[in-house]
1. Label-to-label distances across copies for A:ARG49, with labels 7 Å out along Cα→Cβ, in nm, shortest first?
2. To check my understanding: the extent here is largest minus smallest coordinate of the Cα atoms along each principal axis. What are those three numbers for the range A:154-222, in Å, largest first?
3. Expressed in nm², what is the orientationally averaged projection area of the convex hull enclosing the Cα positions of the protein assembly as shown?
4. Add -39500 (n - 2.57) for each DSSP H run of 4 or more in the protein assembly as shown, then divide by its residues: what number comes out at 222 nm, to the nearest 500 deg cm²/dmol?
5. Hey, fewest Cβ within 10 Å first, where do B:CYS60, A:CYS29 land in order?
6. Give a residue-ordered list of calculated ³J(HN,Hα) values for the range A:209-222 (Karplus: 6.51 cos²θ - 1.76 cosθ + 1.60, θ = phi - 60°; whole Hz; x for Gly, Pro).
7. Can you tell me which lysines have their Cα less than 23 Å from the Cα of B:LYS218? Leave out same-chain residues fewer than eight positions away.
8. For A:PHE185, which inter-copy label distances result when the label point lies 7 Å beyond Cα on the Cα-to-Cβ vector, reported in nm to one decimal and in ascending order?
2 protein chains.
Amino acid sequence: MNSTIPHPYYPRTAKLPGYVPNTLSMYDCLAWVGVPVALTMGLSLFLLRQRKDLTTREKCTFVWFAVCALIHSVLEGYVGVNHKAVASDQSLLGQLWKEYAHADSRYLTSDPFVINMERITAFCWGSLSIVICYAIYHNKPYRHVAQLVVSVGQLYGDILYFATTLFEGNPHVNPHFFYVWVYFFSFNFVWVVIPSILIVRSWQHLTKAVARCQHTDKKKTK
Amino acid sequence: MNSTIPHPYYPRTAKLPGYVPNTLSMYDCLAWVGVPVALTMGLSLFLLRQRKDLTTREKCTFVWFAVCALIHSVLEGYVGVNHKAVASDQSLLGQLWKEYAHADSRYLTSDPFVINMERITAFCWGSLSIVICYAIYHNKPYRHVAQLVVSVGQLYGDILYFATTLFEGNPHVNPHFFYVWVYFFSFNFVWVVIPSILIVRSWQHLTKAVARCQHTDKKKTK
């Protein structure tokens, strides 16, 4: 095992000592992510059947954070802990990361920003995503506060994720259309779009609640 | 001008083409940061004299965000834009950054994470800090929402700032006690402590407001 073992990642000069090619195909990998995500969505909808008073919007947000909890805690948590060994890792999660790394080799080279962002995402946003699901289900008053915190964290982390590699001229992605636009852009851009929408909604909801309290307090003091 | 010009920064192998030593002393630099910060605090307190109904806590928060607006927009904004030329920059702000860079040479080497984090800090948290001052002064209902967003952003950015260099074994700081514990640790740790306190306060304030609204709505439907 040495750094001269050929590998398919970009930049082509990246040193990946101990690299072992995947035994799983691209389709296997996509299925191993897609099926657990679909199961989580199904299980969420099954749980939500008992809460008929929740709006469709609230149910969608529950499903979103259930999926976030799964991806942040399991997938991103794994690379946060095992980043040093991913290049030679033949476990299921190791192979999933080697597949994704075609779109970003920083996951195989222990990039300080990527790994620390993933650790915070897994630990903070992963656990808080479960708290938000619980809060939506039980209509807890801190629900929108937690939703705002996690969505700001996800959006900030994702913008930094894009910005840091684009700043260097995007050297970490395989320039093939599929890796650039499906893996790198689309998979990550979801965490720009949905958190942005949720930030606006929570901002409006919380501002309205404070305005109502201020209005009530003004009436009382008159 | 070439990369072999000797420089005082760490790691000692860092390449800083065109590096020009500061003409300002350390004390000059500290004064050029300290005096504008003190003036901003004084001006804030002067403005707040007209708002006798605000609590001491609210006034302190106003002063904090006024200082944040200054530092984020001017100091951090400058390096976000001019990062490529800082090593040879003899302007006042350039020299301030060369002085601070004893604690973190990433500011002189256009580190992708540091520069992009500073750009977001300057643009988003800098401008929103001004909005929060306005919101505190005029008791706007979105004040705590904006405070929560900015404080989460500041805390997340600062934790990543510490984590990314510690992850590499802290190679970017001059190991002298003063640079490690005053510049690197103390100057930055302020943005861990105060945002953490403000997150807790805003979380409590907003949750209470939502709980009050839920309570009122329940009463109405009964």
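1. Nearest first, the other copies' label points are 6.9 nm away.
2. Result, largest extent first: 67, 20, 10 Å.
3. On the way: hull surface 98.9 nm².
That works out to 24.7 nm².
4. Working: 16 runs with 267 residues, N = 444.
-20000 deg cm²/dmol, from helical runs alone.
5. B:CYS60, A:CYS29
6. Working through the residues one at a time gives 4, 5, 4, 4, 5, 4, 4, 5, 5, 4, 4, 5, 7, 6 Hz.
7. Of all the lysines, those that pass the test against B:LYS218 - Cα under 23 Å, at least 8 places apart if same chain - are A:LYS52, A:LYS59, A:LYS140, A:LYS208, A:LYS218, A:LYS219, A:LYS220, B:LYS208.
8. 4.6
Laboratory data are not the source of any read-out in this text; all were calculated from the coordinates shown. Bear in mind the structure is a predicted one, so any value in this text is a computation, not a measurement. Cβ coordinates were reconstructed from backbone atoms using ideal geometry, including for glycine residues, and neighbour counts include every protein chain displayed.
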